[in-house]
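The values are calculated or read from the model by the stated rules, or taken from the named source; none is laboratory data. A quick note: this is a predicted structure, and the numbers were derived from the prediction, not measured. Positions of Cβ are backbone-derived with ideal geometry, glycine not excepted, and every protein chain shown enters the neighbour counts. Calculation scope for accessible area: heavy atoms of the full protein, side chains included, ligands and nucleic acids excluded. Shrake-Rupley method; radii C 1.70, N 1.55, O 1.52, S 1.80 Å.
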Amino acid sequence: MVGCWLPRREDHLDHLADVTGHDANLGILFQEDVLHIAFAVRSQVPRAYTVLGRREVAHCTALGKVMLAD
């Protein structure tokens, strides 16, 4: 399953998910939030539901913590 706001991003996320066998997410840091832009799902493991366009407080998400660590 792939979801994306931006053209051609799903190709890269699909490839990354295929190679790793894990889900792949793309987001940007917007002010103090993470804005979810695209995702590719590969695992059958229950997970948090990703909503495209959703903003979440960066320090409350794994994706946000990675971006804030830079």
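Things worth noting here:
- If you go through the stretch 29-55 and pick out every residue that is open to solvent by 60 Å² or more (accessible area, probe 1.4 Å) and without any contact (Cβ under 8 Å) to a residue 24 or more places away in the chain, you end up with 7.
- Every test in (1) of a type in the set (Asp, Glu); (2) open to solvent by less than 100 Å² (accessible area, probe 1.4 Å); (3) at pLDDT 70 or above is passed by residue 10 save one, and that test is (3).
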